[in-house]
Amino acid sequence: MGALFDGIVLHQILQWHHTVSNVYPTSSLKGLQLNTLWDGLFHASAYLLVALGFILLWRKARNAHPWWSGRMFVGTMLMGFGSFNVVEGLVDHQILGIHHVNERAPPYQWIYWDVGFLIWGTAMLALGWILFKSGRREVSTRRYVLS
């Protein structure tokens with residue numbers, strides 16, 4: 001979900017960056033074509049991972065399993081979203097430098113956007129963990145749900 005949010009909001013709506021915009025600048029038609037291709041591959045990969053997640057969730061939901069609370073569900077979603085942001089922010093923005101969060105800003109400001117992205121991801125990861133743990137305490141008092 002984090003990858004889809006990144007691709008839809010940051011790549012397409014705000015047009016702050018593309019998947020490889022720091023490697024192939026979008027100032028030429030060829031650069032824009034390459035970035036559009038890489039954005040599409042990125043979005044297709046994210047879509048496949050979300051579909052796989054739904055399949056796994058569906059398979060698990062059909063079996064007898066412990067009851068999940070809404071906090072656990074939202075918490076795990078936030079942990080996944082935050083983990084994506086932290087890993088993507090460290091690998092793509094800092095280590096590989098293939099793009100930065102807001103390449104429409106002056107280059108000297110890119111680091112601030114990149115650090116903000118990492119802070120945002122870390123905050124979602126932490127909030128998700130807190131929600132998951134509190135939901136888990138709630139679940140420990142319930143019995144198994146039988147299908």
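The values are calculated or read from the model by the stated rules, or taken from the named source; none is laboratory data. In this text the structure is predicted, and so the values were computed from the model without any measurement. Cβ: placed from backbone, ideal geometry, glycine included. Neighbour counts: every protein chain shown. Accessible surface is based on the protein model in full, side chains and every heavy atom, while ligands, DNA and RNA are left aside. Shrake-Rupley method; radii C 1.70, N 1.55, O 1.52, S 1.80 Å.
Scan (1) under 29 Å from T76 (Cα atoms); (2) at pLDDT 90 or above; (3) open to solvent by less than 50 Å² (accessible area, probe 1.4 Å); (4) over 13 Å from the mean Cα position of the chain (by Cα) for the single condition L14 breaks and write down its number.
So L14 meets the others, but not (3).
Just to be sure I understand, how many residues within region 114-132 are open to solvent by 60 Å² or more (accessible area, probe 1.4 Å) and touching a residue at least 60 places away in the same chain (Cβ under 8 Å)?
Selection size over region 114-132: 0.
Identify, by number, the condition in (1) over 17 Å from the mean Cα position of the chain (by Cα); (2) assigned to a helix (DSSP H, G or I) that S21 doesn't meet.
Answer for S21: the failing condition is (2).
Being hydrophobic (A, V, I, L, M, F, W, C), closer than 30 Å to R137 by Cβ and in contact with a helix residue (DSSP H, G or I) (Cβ under 6 Å, 6 or more places away or on another chain) narrows it down to one of V74, V20, V101, so name that one. I'd like the intermediate steps shown before the answer.
Numbers: V20 fails: closer than 30 Å to R137 by Cβ; V101 fails: closer than 30 Å to R137 by Cβ.
Answer to the selection: V74.
Contact list please: Cβ distance under 9 Å, first residue in region 81-96 and assigned to a helix (DSSP H, G or I), second residue among the acidic types (D, E) and modelled with pLDDT of 95 or more, pairs at least six apart or on different chains.
G89/D114; H93/D114; Q94/D114
Name the one entry in R71, R62 that is surrounded by fewer than 14 Cβ atoms within 10 Å (Cβ to Cβ), in contact (Cβ under 8 Å) with a residue 24 or more places away in the chain and farther than 29 Å from R104 by Cβ. So that I can check it myself, show each step before the final result.
Values: R71 fails: surrounded by fewer than 14 Cβ atoms within 10 Å (Cβ to Cβ).
Matching residue, one of R71, R62: R62.
Going by the structure shown, is G116 touching a Phe, Trp or Tyr at 6+ places or on another chain (Cβ under 8 Å) and either in a helix (DSSP H, G or I) or modelled with pLDDT under 90 (or both)?
Values: touching a Phe, Trp or Tyr at 6+ places or on another chain (Cβ under 8 Å): no; either in a helix (DSSP H, G or I) or modelled with pLDDT under 90 (or both): yes.
So G116 does not fit the description; no.
Suppose we filter region 36-80 for residues that are under 18 Å from I8 (Cβ atoms) and either touching a Ser or Thr at 6+ places or on another chain (Cβ under 6 Å) or outside any helix (DSSP H, G or I) (or both); how many remain?
So the answer is 3.
Go through region 22-49 and count every residue that is within 16 Å of V91 (Cβ to Cβ), modelled with pLDDT of 90 or more and crowded, with 17+ Cβ neighbours inside 10 Å.
The qualifying residues number 3.
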